[in-house]
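Notes to accompany the following structure.
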Amino acid sequence: MSQSPQIPPSDRSSDFGPLFRRGGYAEFLRISAILRKETVGGGILLLATVAALIMANTPLADTYFAARDFKFGIESLHLNLSVGTWAADGLLAVFFFLAGLELKREFVAGDLRSVNRAIVPVAAAVGGVIVPALIFTLINLNGGREALRGWAIPTATDIAFAVAVLAVIGSRLPAALRIFLLTLAVVDDLLAIAIIAFFYTSEISFLLLFLAFIPLALYWILSHKFSHFFGTRAWAAWTILLPLGFIVWALVHGSGVHATVAGVLLGFAVPVVRSRRGGGPDAGPGLAETLEHRLRPLSSGFAIPIFAFFSAGVAIGGAEGMLRAITDPVAIGIVVALVVGKPIGVLLATWIVTKTTKATLDPDLAWIDVTGVAVLAGVGFTVSLLISELGYGQGSPHDDHAKVAILVGSLLAALLAAVILRGRNQHYAEVAEKEALDANQDGVPDVFETKN
């Protein structure tokens, strides 16, 4: 059995202290490594998106759409799917598996295991889902039930694109804000998958769904009982856990529930800390962190870009088509929700936390910094594209217009965030110097050794 990490008494305190504290140095290094990988992934994602748009609007369009709609798979298992569906249902399951791993690790063994650290990004994520959804709904109230099916499109944050924006503008965002942005995006992903499961599922085969929990239970037992074995022998995870995971995915897909839900469930089933047999929590990273390290390059460098390539290709139809797209109330709702609603939701929730807990911002930060990150959270892409297809149907007029709006809204949010954050680069450079100073030469910067 896995052993839960011992939580220091201070983490149980109701004293919230300063918001956006740095946390531990080990967590800082881990988050920094994740964001470096996501920055590279964001670049690849951008290239895939541009390639899709070029192909869909040139003489290569017929080839592009034929490749996207080409079907293969086993019909008797309900797996004769188009390439685009395989990318949306299959490859994105890897992305959501990582989201499940990351969220579980943060709340079990990361800095967010304490209420006073978790409440800010969780509240901000919830606010960043509710307000954009309300704004979209208000703008499309007269559009009928069909238009309103896209209410959840502007609720997600794309972490790969967001950190790619940070890399481009050269912003040396302080550690606490980087952790906040990553956690907010991961909680966003979890909320999005819950929305997909509850609101974008029409017919459910409860038999197949029940059967899916049998291999899922076996997956949980094996990953907990033999976590050290799977962690040290990569071939074992690929040959034992992966086939079990695929069976869970196939059964969930066949049940009518979107298959990416299986990714989150499998991620939650992986142990975070080492079992006693594996040496205990102090013996090194647990299986969740090991699998995350192995799979993140596959997700950010292959799975998400391939999905984006087959999802973002929209035949715009020239200036007239572009005008028709951006004047559709569905598109207007998405753009306004991403650029205005998302930052308002994040900021409002954060402000409410400060008022209800009497907490204050960390001395190194100001509300303009939180505003910049809140605006950056409006960069929605991967999950937004998925929800658009689920809500409107791939290739429908609303879907095409929604995808154009996702691109336009994300671009506007990125540009606005760049203006805000770039103006603070000098301050961020000073904070970065402080975070790197190690006067006693013990390998840990001094600010991470000071209780804050």
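Taking every full run of DSSP H in the chain, the ones that stretch at least 30 Å from end to end by Cα along their long axis and average -0.5 or higher on the Kyte-Doolittle scale are 25-56, 115-139, 175-199, 397-422.
Rolling a 1.4 Å probe over the protein heavy atoms of region 138-251, with every protein chain left in place, gives an accessible area that is 73 percent carbon and sulfur. Compared with the rule-of-thumb size 2.2 N^0.38 Å for a compact globular protein, region 284-358 has a Cα radius of gyration ratio of 1.78.
The separation of region 103-180 from region 311-381, counted between C-alpha centres, amounts to 9 Å. The residue among Leu416, Phe136, Gln441 whose Cα reaches farthest toward the positive pole of the charge dipole of the chain, with charges on the beta-carbon of Lys, Arg, Asp and Glu, is Gln441.
Dividing the convex hull volume of the alpha carbon atoms of region 388-427 by its residue count gives 57 Å³ per residue. Note on region 306-452: Kirkwood radius taken over Cα pairs, Stokes-Einstein applied at 25 °C and 0.890 mPa s, translational D equal to 137 µm² s⁻¹.
Each principal axis of the Cα cloud of region 305-349 was evaluated for its coordinate range; sorted largest first, these ranges are 39, 29, 13 Å. The Rg/Rh ratio of region 204-341, with Rg taken over Cα atoms and Rh as the Kirkwood radius over Cα pairs, comes to 1.15. By the Stokes-Einstein formula, at 1.567 mPa s and 4 °C, the chain with its Kirkwood radius over alpha-carbon pairs has D equal to 57 µm²/s.
Would you list which lysines come within 24 Å of Lys403, measuring only between C-alpha atoms, while excluding same-chain residues fewer than 8 positions from it? Cross-link targets: Lys71, Lys342. Remark on region 355-396: hydrodynamic radius 13.4 angstrom, per the Kirkwood mean of 1/r across alpha carbon pairs. For Lys225, the lysines whose Cα comes closer than 21 Å to its Cα, not counting residues fewer than 8 places off in the same chain, are Lys104. Annotation: lysines with alpha-carbon distance below 16 angstrom to Lys434 (same-chain offsets under eight excluded): Lys451. Taking a Cβ cut-off of under 14 Å around Ala197, the surrounding Lys, Arg, Asp and Glu residues balance to a net charge of -3, with basic ones at +1 and acidic ones at -1. The residues of the chain have, on average, 43 Å² of accessible surface per residue, using a 1.4 Å probe with all protein chains present.
The values are calculated or read from the model by the stated rules, or taken from the named source; none is laboratory data. Nothing here was measured: the structure is a model prediction, and the numbers come from that model. Because the Cβ atoms are built from the backbone with ideal geometry, glycine has one as well, and the counts that use them run over all protein chains shown. We work out accessible area using only protein heavy atoms, side chains counted, and drop any ligands, DNA or RNA first. Shrake-Rupley method; radii C 1.70, N 1.55, O 1.52, S 1.80 Å.
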